[in-house]
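Reading through the structure tokens given below for one structure.
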Amino acid sequence: MSNTRRKIDLYVLSLALLFVFFIIITAKLPECPFLIGDQTSWLTLAELNPIAIISFLFLAYCLYAYKKFDFDLKGATDIPFEVKKIEGINYEHLTFLATYVVPLISFDFGSGRHMIVLGLLLIVMGVIYIKTDLFYQNPSLALLGFHIYRADGSFKTGDRDGIILVSRSRIKAGQKISYIKLDERIYYVKGGSV
């Protein structure tokens, strides 16, 4: 269950830029003077900005998901493995952004039907990304300095080919890497030595 929760959190985190775009596109200021201490001013602001408020709440959840992910990564790791072959695949961040996030900002935010379709589309995309283990294609992690690699590794239990490594640091062939298993073929790796 915790792996599924981590995948969901990483998917929601991947949409952080989308939520920022939604806030920018939909935020409206009230026409009457806004008084910080006046409850009516706050209610008027909320009525004008339901999508921006929901997007802001999801953005806050993205921050929580990142902090939780970062905390989990500081936990215990398995026995290090040696990287035999490695290839950088950072372009996959851009593929997710260009293919899925950017087109979603063209929805009509004034139409209830379009908002329902947008919500359903985000849910379906999430289910597909989680079921197909593509949750690591995360433009938010790229902005935070993470790298994605496809590698072959020599583990204590045997060799594994075509595994996906997510790392804050650059990795080279021949390095011994500590890791945390995120999925059957996806690992978060921490530092290492040559």
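Every number here is computed from the coordinates shown, using simple stated rules; none is lab data. Remember, predicted model here, so these are calculated numbers, not experimental data. Every residue, glycine as well, gets a Cβ built from its backbone with ideal geometry; the counts of neighbours run over all protein chains shown.
Reachable aspartates and glutamates from Lys85, Cα under 13 Å, same-chain residues fewer than 8 places away excluded? Within reach: Asp152, Asp159, Asp161. Phi angles across region 170-182 convert, under the Karplus curve 6.51 cos²θ - 1.76 cosθ + 1.60 with θ = phi - 60°, into 3J(HN,Hα) values of 6, 10, 10, 4, x, 6, 9, 10, 7, 8, 10, 6, 8 Hz, Gly and Pro given as x.
Each of Thr44, Thr4 was scored by other Cβ atoms within 10 Å of its Cβ. Arranged with the fewest first, they read Thr4, Thr44.
When each of His114, His147 is scored by the number of other beta-carbon atoms lying within 10 Å, the sequence from fewest to most is His114, His147. The chymotrypsin sites (Phe, Trp or Tyr not before Pro) of region 33-68 meeting both criteria, a DSSP state outside H, G, I, E and B (loop) and at most 16 other C-beta atoms within 10 angstrom of the site's C-beta, are Phe34. Taking 23 Å as the straight-line reach from the Cα of Lys74, the lysines in range (excluding those fewer than 8 positions away in the same chain) are Lys7, Lys156, Lys172, Lys176, Lys181, Lys190.
Take each peptide in 16-26, 152-162, count the other Cβ atoms within 10 Å of every residue, and average; sorted highest first, the result is 16-26, 152-162.
For the chain, what does the alpha-carbon gyration tensor say about shape, rounded, prolate or oblate, given a ≥ b ≥ c as the root eigenvalues, a/c under 1.5 as rounded, and a/b over b/c as prolate? Prolate shape, in that a/c is at least 1.5 and a/b is the bigger ratio.
Taking other C-beta atoms within 10 angstrom as a stand-in for reagent exposure, Ile79, Ile163 fall in the order Ile79, Ile163, fewest first.
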